[in-house]
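A.B. asks: My questions all concern the structure below.
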Amino acid sequence: MKTRTLGQSGPTISAVGYGAMSLTDFYGPADDAHGPRVLDACVEMGLDHLDTSNVYGMGRSETVIGNWLKSRGGDCPVTIASKAGITRDPEHRFNNSPEHLAQCLDESLTRLGVEALDLYYIHRRDPRFEIEEVTETMAGFVKAGKIKAIGFSEIAPSSLRRAHAVHPIAAVQSEYSLSTRAPEMGLVQTCAELGTSLVAFSPVGRALLTDRPHSAASVLHMPFLTENPRFMEPNLSVNLQYNAKFRALAADMGVAAATLAVAWVLHRDDSVIAIPGTRNIDHLKELADGGSLDLTADDIARIEAVLPVGWAHGDRYSAAQWVGPERYS
């Protein structure tokens, strides 16, 4: 397993972490009893960074992780990142106020059963607060010893620079994969320049870059995907045709498609950390294997011949899903 430094001077962690949204019902019903087995498998496979949020199952993901840590007798073999800033308030969907963030942080620490988070993200920016002000709030949590590092999710390179001028930003989380390459329009470069980790979520394109892509029938059971342009017809059928080509290439190279997809995103820059999610332990192994696979220039050329820049049909978000993330390209 390749390793990465989390931020400018943080701990050394596995290049592949685990996206713990998968411990909830986001992609279909989840069994809390199965969660600890998945987390145990993460440790066994060398995945030592867990990424969660207070809104994943409205605290459910954090609770599963906290109970798992408790069952280990206090042993914490992983670094833990969580997030706050998304609310259920229809008038203010995002809240970056000091009071709200402080309350959410205390609640997350309680659910997780830890004294401090290794990384705490602003999940979405609240337009009522300048990013410098929000960064000052987060810096206060660092000073208080409640978090060790600051992150932002789905922000533009320009916002990263503004925040970084106030306090070092350890990580920016963004969707990044062979099917979503917008971060190459400035975010990859800015993260590398500032020493900020680029934490890539959905590195296998919500299964479009795996050997088991979602069918039109399976999408019907996943509310988020039923509204996502890439999983709506006619886009889905075309994207599945590209998936078939990628699967054939991966098979020819002797690896699983998910392994190849994760290896590709890690190859882009040493600042990149991938956080795929799954509840299937066999699939988890395929994802973890991407952290050990080295790709040659010829390998990259073959991949991009099959999946050229811009191949994916449909936007990565619907109009409603785009509320919150910052567009910059």
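A.B. asks: Of the numbered conditions (1) of a type in the set (D, E, K, R); (2) modelled with pLDDT of 95 or more; (3) assigned to a loop (DSSP other than H, G, I, E, B); (4) in contact with a Phe, Trp or Tyr (Cβ under 9 Å, 6 or more places away or on another chain), residue 211 fails exactly one; give the number of that condition.
C.D. replies: Of the numbered conditions (1) of a type in the set (D, E, K, R); (2) modelled with pLDDT of 95 or more; (3) assigned to a loop (DSSP other than H, G, I, E, B); (4) in contact with a Phe, Trp or Tyr (Cβ under 9 Å, 6 or more places away or on another chain), the odd one out for residue 211 is (4).
A.B. asks: OK, next. If you check every pair at least six apart or on different chains, which have Cβ atoms under 7 Å apart with a residue in the stretch 166-177 that is closer than 16 Å to residue 21 by Cα first and a residue that is part of a strand (DSSP E or B) second?
C.D. replies: From residues that are closer than 16 Å to residue 21 by Cα, the pairs are 173/121; 173/151; 173/153; 173/199; 173/201; 174/198; 174/200; 175/201.
A.B. asks: Inspect all residues belonging to the stretch 138-146 and state whether any of them is at pLDDT 95 or above and over 19 Å from residue 7 (Cβ atoms). It would help to see each step written out before you state the result.
C.D. replies: Just the residues of the stretch 138-146 that are at pLDDT 95 or above, to begin with: 138-146.
With over 19 Å from residue 7 (Cβ atoms) added as a condition, the list becomes none.
For the stretch 138-146, residues at pLDDT 95 or above and over 19 Å from residue 7 (Cβ atoms): absent.
A.B. asks: Before we move on, is residue 80 surrounded by 21 or more Cβ atoms within 10 Å (Cβ to Cβ), assigned to a helix (DSSP H, G or I) and of a type outside the set (D, E, K, R)?
C.D. replies: Values: surrounded by 21 or more Cβ atoms within 10 Å (Cβ to Cβ): yes; assigned to a helix (DSSP H, G or I): no; of a type outside the set (D, E, K, R): yes.
So residue 80 does not fit the description; no.
Let's see how each residue does on (1) polar (S, T, N, Q); (2) in contact with a Leu (Cβ under 6 Å, 6 or more places away or on another chain); (3) farther than 22 Å from residue 160 by Cβ:
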{"site": "9", "(1), (2), (3)": "yes, no, no"}
{"site": "15", "(1), (2), (3)": "no, yes, no"}
{"site": "22", "(1), (2), (3)": "yes, no, yes"}
{"site": "36", "(1), (2), (3)": "no, no, yes"}
{"site": "40", "(1), (2), (3)": "no, no, yes"}
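A.B. asks: Taking only pairs six or more apart or across chains, which ones have beta-carbon atoms under 8 Å, a first residue in the stretch 3-29 that is without any contact (Cβ under 8 Å) to a residue 40 or more places away in the chain, and a second residue that is in a strand (DSSP E or B) and among the small types (Gly, Ala, Ser)?
C.D. replies: Listed by first residue and then by second, the contacts come to 3/14.
A.B. asks: Tally the residues that are out of contact with any strand residue (DSSP E or B) (no Cβ under 6 Å at 6 or more places or on another chain) and either touching a residue at least 60 places away in the same chain (Cβ under 8 Å) or buried (at least 17 other Cβ atoms within 10 Å of the Cβ) (or both), restricting the search to the stretch 143-153. Give the derivation first.
C.D. replies: Step one: of the stretch 143-153, the residues out of contact with any strand residue (DSSP E or B) (no Cβ under 6 Å at 6 or more places or on another chain) are 143-146, 148, 150.
Imposing the further condition that a residue be either touching a residue at least 60 places away in the same chain (Cβ under 8 Å) or buried (at least 17 other Cβ atoms within 10 Å of the Cβ) (or both) reduces the set to 146, 148, 150.
Residues in the stretch 143-153 being out of contact with any strand residue (DSSP E or B) (no Cβ under 6 Å at 6 or more places or on another chain) and either touching a residue at least 60 places away in the same chain (Cβ under 8 Å) or buried (at least 17 other Cβ atoms within 10 Å of the Cβ) (or both): 3 in total.
A.B. asks: Failed condition for residue 233, given (1) in a loop (DSSP other than H, G, I, E, B); (2) crowded, with 22+ Cβ neighbours inside 10 Å, with all others met?
C.D. replies: (2)
A.B. asks: On to the next question. What number goes with the only condition from (1) touching a residue at least 24 places away in the same chain (Cβ under 8 Å); (2) of a type in the set (A, V, I, L, M, F, W, C); (3) more than 20 Å from residue 181 (Cβ to Cβ) that residue 246 does not pass?
C.D. replies: (3)
A.B. asks: Additional query: Answer yes if at least one residue in the stretch 185-205 is more than 30 Å from residue 256 (Cα to Cα) and surrounded by fewer than 15 Cβ atoms within 10 Å (Cβ to Cβ), and no otherwise.
C.D. replies: Within the stretch 185-205, one or more residues are more than 30 Å from residue 256 (Cα to Cα) and surrounded by fewer than 15 Cβ atoms within 10 Å (Cβ to Cβ).
A.B. asks: Another question about this same structure. In this structure, is residue 134 of a type outside the set (S, T, N, Q) and either on the phi > 0 side of the Ramachandran plot or under 19 Å from the mean Cα position of the chain (by Cα) (or both)?
C.D. replies: Numbers: of a type outside the set (S, T, N, Q): yes; either on the phi > 0 side of the Ramachandran plot or under 19 Å from the mean Cα position of the chain (by Cα) (or both): no.
Criteria not met by residue 134.
A.B. asks: Something else: What single numbered condition from (1) out of contact with any Asp or Glu (no Cβ under 9 Å at 6 or more places or on another chain); (2) touching a residue at least 60 places away in the same chain (Cβ under 8 Å); (3) assigned to a helix (DSSP H, G or I); (4) within 17 Å of residue 275 (Cβ to Cβ) fails to hold for residue 42?
C.D. replies: Status for residue 42: all satisfied but (1).
A.B. asks: Moving to a separate point now. Here are 277, 314: which of them is crowded, with 22+ Cβ neighbours inside 10 Å, in contact (Cβ under 8 Å) with a residue 40 or more places away in the chain and closer than 30 Å to residue 126 by Cα?
C.D. replies: Working: 314 fails: crowded, with 22+ Cβ neighbours inside 10 Å.
Among 277, 314, only 277 is crowded, with 22+ Cβ neighbours inside 10 Å, in contact (Cβ under 8 Å) with a residue 40 or more places away in the chain and closer than 30 Å to residue 126 by Cα.
A.B. asks: I'd like to know if the stretch 99-110 contains one or more residues that are modelled with pLDDT under 95 and in a helix (DSSP H, G or I). Before the answer, list the steps.
C.D. replies: Of the residues in the stretch 99-110, the ones modelled with pLDDT under 95 are none.
No.
A.B. asks: Can you find even one residue in the stretch 122-134 that is within 23 Å of residue 70 (Cβ to Cβ) and touching a Phe, Trp or Tyr at 6+ places or on another chain (Cβ under 9 Å)? Steps first, please.
C.D. replies: Just the residues of the stretch 122-134 that are within 23 Å of residue 70 (Cβ to Cβ), to begin with: none.
Scanning the stretch 122-134, I find no residue that is within 23 Å of residue 70 (Cβ to Cβ) and touching a Phe, Trp or Tyr at 6+ places or on another chain (Cβ under 9 Å), so the answer is no.
A.B. asks: Restricting the search to the stretch 165-179, which residues are buried (at least 23 other Cβ atoms within 10 Å of the Cβ) and out of contact with any strand residue (DSSP E or B) (no Cβ under 8 Å at 6 or more places or on another chain)?
C.D. replies: Passing the criteria: 178, 179.
A.B. asks: Now, a different point. Within the stretch 47-76, work out how many residues are in a loop (DSSP other than H, G, I, E, B), over 17 Å from residue 122 (Cα atoms) and modelled with pLDDT of 95 or more. Break it down into steps so the answer makes sense when it comes.
C.D. replies: Step one: list which residues in the stretch 47-76 are in a loop (DSSP other than H, G, I, E, B), which gives 47-48, 52-59, 72-76.
Then drop every residue that is not over 17 Å from residue 122 (Cα atoms), which leaves 47-48, 57, 72-76.
Cutting the leftovers down to modelled with pLDDT of 95 or more gives us 47-48.
Residues that pass the stated criteria total 2.
A.B. asks: Sticking with this structure for a sec: Looking at the stretch 294-304, can you tell me whether even one residue there is within 21 Å of the chain's Cα centre (by Cα), among the polar types (S, T, N, Q) and assigned to a loop (DSSP other than H, G, I, E, B)? If you could, list the steps in order and put the result at the bottom.
C.D. replies: Taking the stretch 294-304 and keeping what is within 21 Å of the chain's Cα centre (by Cα), we get none.
No, because not a single residue in the stretch 294-304 is within 21 Å of the chain's Cα centre (by Cα), among the polar types (S, T, N, Q) and assigned to a loop (DSSP other than H, G, I, E, B).
The values are calculated or read from the model by the stated rules, or taken from the named source; none is laboratory data. Note that this is a predicted model, so its numbers are computed, not measured. Cβ atoms come from the backbone with ideal geometry, glycine included; neighbour counts cover every protein chain shown.
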